[in-house]
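Below is one structure, written out as structure tokens; comments come after it.
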Amino acid sequence: MKTRIIGCGNLQRMDDGAGVLVAQRLRELGILAEVQSGGTFELLAGWDDNERLILIDAVRTGAPAGTIHVWEGSPPQLPHATHFSSHGFGLAEAFRLGQILNCLPERITVFGIEGDQFGMGEQVSPDVLTATERLAQQIAKEFASDLQQEAVQLAE
Amino acid sequence: MSRAARTIRVDTLARVEGEGAMHINLVGERVADVKLRIYEPPRFFEAFLRGRHFSEVADITARICGICPIAYQMSAIHAVERALGLRIDPAVRLLRRLFYCGEWIESHALHVYMLHAPDFLGYQDAIAMAKDHPEVAQRALRLKKIGNHLVALMGGREIHPISAAVGGFYKVPRPEQLRTLVEDLKRAVDASIETVKFAAGLEFPDFEQDYEFVALRHPDEYPFNEGRLVSNRGLDIDAAEYEDHFTELHVKHANALHSVVRGRGSYLVGPMARFNLNSDKLTPQAKQVAADVKLNPPVRNPFRSIIVRAVELVFACEEALRIIEQYEPPSQPRVDAPNRAGVGQAITEAPRGILYHRYAIDEKGLIVTAKIVPPTSQNQKRIEDDLREYAARLVAWPLDEATWKCEQAIRNYDPCISCATHFLKLTVSREER
């Protein structure tokens, strides 16, 4: 099964960079992970030939900073009014549009890391930073065998 | 008509790239005040760049915008190269044009279909539009993908590309890699021509303004990275003279500065300015397609900029094909860039219009000062001027419709307001005289 891992966000917008940090950490752990801004069309443009999609993004749901949320399904049922990263037009819209255009991957998992600060700057809230490490380790553990196998195939 | 105080308020203006607010105050039938407030990261980046080595500038400035990172890289690299007195291999120059084609394709496809078209077709957003017109959304996505592939191939990855460098490219593509794009690009030319027809079929308000159009002009090329800065009012300058002719005014209501032509006022940059000043440099097919839909320069109706963007899509796809077909890797992808003190300015044509960078570099190669004037900040005053005129025609309209029309007028400029996030608050208030 072809899997794609995408960390979304913007490192210059504080906690909004959480998804990017997870992707960077996964790469250090030897797992193929990409970084995207999280714009609807960036996301959509790369989905149709994937069977399994793992997305990591910063979210604002009102939970304590650093909380890791998980949503699954195709499309995953994201809670209404959840604010994903700093983009008004992002993940939730990509799923809706993907559904209309019939180009959603078969399996989708969204990991949302609850952020706190979304201003200008590179500093990330300590709880969010801790969560990025925990999530990277969790994804690495959960998907390691599949993903490393695919990485080898891709490299070949 | 009613003289009662009315307020139109949209807390989030979607489908613009950026963060800011717009306030329009109507008194009776008169537009009393228009204020566009912008919170602009380039200012933050200018400070952030000081003390960094010039080799980092391209990667840092690419982060200003997720939509147009290549524009930031190109202006930054050219300005630094000019400060250092570097000469660039013509093959590298061509590759940079190719890189820019990718960004234009991505950005224009996104704006024409997903951000602007819903206004004309009467939908709140692209998702609602896609339900009724899936073929339109599919075409947009196809074009966007091709742009993405080109950018990813050239930049090493799809967003925040990393291959462009002062002196050239860290890594250049092999001819066979670029050739894999040819069939897709041919299809993209067809899809772009369809896009022109689609855009030309939309309905446009009867609204023309007397603009000063400002764009690069090159003797042989439709402009990307090179040329003199010209206008329809006699401007004809080198990038180094930019600050002699343009100045930024502090306005109380905006964090950003208002850019004006000294002694004249607001001006317009972007597709309409490029087309009006350079339509003779388009490819024959792009010219023909424009003529077929009766798009003739000068275009003065900003709502018709959607057709101009579509014509530029045709051009960008054809230009990419032309470059790929003649491509031979540069003998030296990157020339050495030794530390040297100097000042350099550059202007390149971002999808939204000219992007000016100036860097002063010390003898250790560290940035002493940086100045970045993004296209949206240059259009900002012009957007306000348009709204002042346009809102006056809408005073009798129901508030929600008037607000929508004003948002659409803002989107004519494809504003990339913060180049990072996505909130623009629009308020229109109405009072008795």
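Residues of chain B: accessible area per residue at 1.4 Å, in Å²?
Details: 15460 Å² over 433 residues.
Counting only protein heavy atoms, the per-residue value for chain B is 36 Å².
Positive end of the dipole of chain B, charges at C-beta (+1 Lys, Arg; -1 Asp, Glu), about the Cα centre: which of B:VAL308, B:GLN378, B:VAL151 has its Cα farthest in that direction? Of the candidates, B:GLN378 comes out farthest on the positive side. Per the accessible-area calculation with a 1.4 Å probe, the total area buried between chain A and chain B rounds to 2500 Å².
Percent relative contact order of chain B, based on C-alpha pairs within less than 8 angstrom and at least six residues apart? Relative contact order here is 34 percent. Here, P(r) means the percent of Cα pairs in each 10 Å bin from 0 to the largest distance; for chain B it is 5, 22, 33, 26, 11, 3, 0, 0. Taking the accessible area of chain B, probe 1.4 Å, and keeping the other protein chains in place, the carbon and sulfur fraction comes to 47%. Across the protein chains, with a 1.4 Å probe defining accessible surface, the residues B:HIS250, B:HIS23 rank B:HIS250, B:HIS23 from largest area downward. Using 0.36 nm per residue and subtracting the Cα-Cα separation, the extra length available between B:ASP362 and B:LEU202 on full extension is 52.3 nm. GNM remark for chain B: springs join alpha carbons under 10 Å apart, and the peak mean-square fluctuation among B:GLU176, B:GLU46, B:GLU106 falls on B:GLU176. Candidates B:LEU95, A:PRO105, B:TYR413 compared by Cα position along the dipole of the protein assembly as shown: farthest toward the positive end lies B:TYR413, with charges placed on Cβ. Residue by residue, region B:395-407 carries 3J(HN,Hα) couplings of 4, 8, 7, x, 4, 5, 5, 4, 5, 4, 4, 5, 4 Hz when phi is fed to the Karplus relation 6.51 cos²θ - 1.76 cosθ + 1.60 (θ = phi - 60°); x denotes Gly or Pro. Of the residues B:LEU110, B:ILE67, B:ALA392, the one whose Cα sits farthest towards the positive end of the charge dipole of the protein assembly as shown is B:ALA392 (charges of +1 on Lys and Arg Cβ, -1 on Asp and Glu Cβ, taken about the Cα centre). When Rg and Dmax are taken over the Cα atoms of region B:166-298, they come to 18.8, 54 Å.
Here is how the number arises for chain B: DSSP H runs of 4 or more residues each give -39500 (n - 2.57), the sum is divided by the residue count, and the result at 222 nm is -13000 deg cm²/dmol.
About its Cα centre, the dipole of region B:100-160 is roughly 220 debye, where the only charges are +1 on Lys and Arg Cβ and -1 on Asp and Glu Cβ.
How many times 2.2 N^0.38 Å is the alpha carbon radius of gyration of region B:179-237? Don't skip to the answer; put the middle values down first.
Values: Rg = 17.0 Å, N = 59, 2.2 N^0.38 = 10.4 Å.
Rounded to two decimals, the normalised Rg is 1.64.
Peptide A:34-43 is shielded by partner chain Cβ atoms: per residue, an average of 6 of them sit within 10 Å of its Cβ.
Under the convention that each Lys and Arg Cβ holds +1 and each Asp and Glu Cβ holds -1, the size of the dipole of the protein assembly as shown around its Cα centre is about 880 debye. Can you flag which of B:LYS35/B:LYS405; B:LYS145/B:LYS186; B:LYS197/B:LYS381; B:LYS186/B:LYS287; B:LYS131/B:LYS405; B:LYS197/B:LYS294 are past 19 Å Cα-Cα? Pairs exceeding 19 Å: B:LYS197/B:LYS381; B:LYS131/B:LYS405. Largest GNM mean-square fluctuation across B:LYS364, B:LYS287, B:LYS197, computed for chain B with C-alpha springs under 10 Å, falls on B:LYS364.
Taking 35 Å as R0, compute the FRET efficiency from the Cβ-Cβ separation of B:ARG393 and B:ARG228 and round it to 0.05.
Once the sixth-power term is evaluated, E becomes 0.45.
To the nearest 10, the accessible area of B:PHE48 is 50 Å² with a 1.4 Å probe.
Computed about the Cα centre, the dipole magnitude for region B:203-309 is approximately 240 debye when only Lys and Arg (+1) and Asp and Glu (-1) carry charge, each at its Cβ. Taking the DSSP bridge list for the protein assembly as shown and keeping only pairs wholly inside it, about 65 percent are antiparallel.
How large is the Rg to Rh ratio of the protein assembly as shown when both quantities use alpha carbon positions and Rh follows Kirkwood? Don't skip to the end; give the middle numbers.
Numbers: Rg = 23.2 Å, Rh = 24.4 Å.
Reported Rg/Rh (Cα atoms, Kirkwood Rh): 0.95.
Placing pseudo-labels 7 Å out from each Cα toward the beta carbon at B:VAL293 and A:THR61 gives an inter-label distance of 4.3 nm.
The values are calculated or read from the model by the stated rules, or taken from the named source; none is laboratory data. Everything quoted here is computed from the prediction, not taken from an experiment. Reconstructed Cβ throughout: ideal geometry from the backbone, glycine too, with neighbour counts over all protein chains shown. In case anyone asks, the SASA skips ligands and DNA or RNA and just uses the protein heavy atoms, side chains included. Shrake-Rupley method; radii C 1.70, N 1.55, O 1.52, S 1.80 Å.
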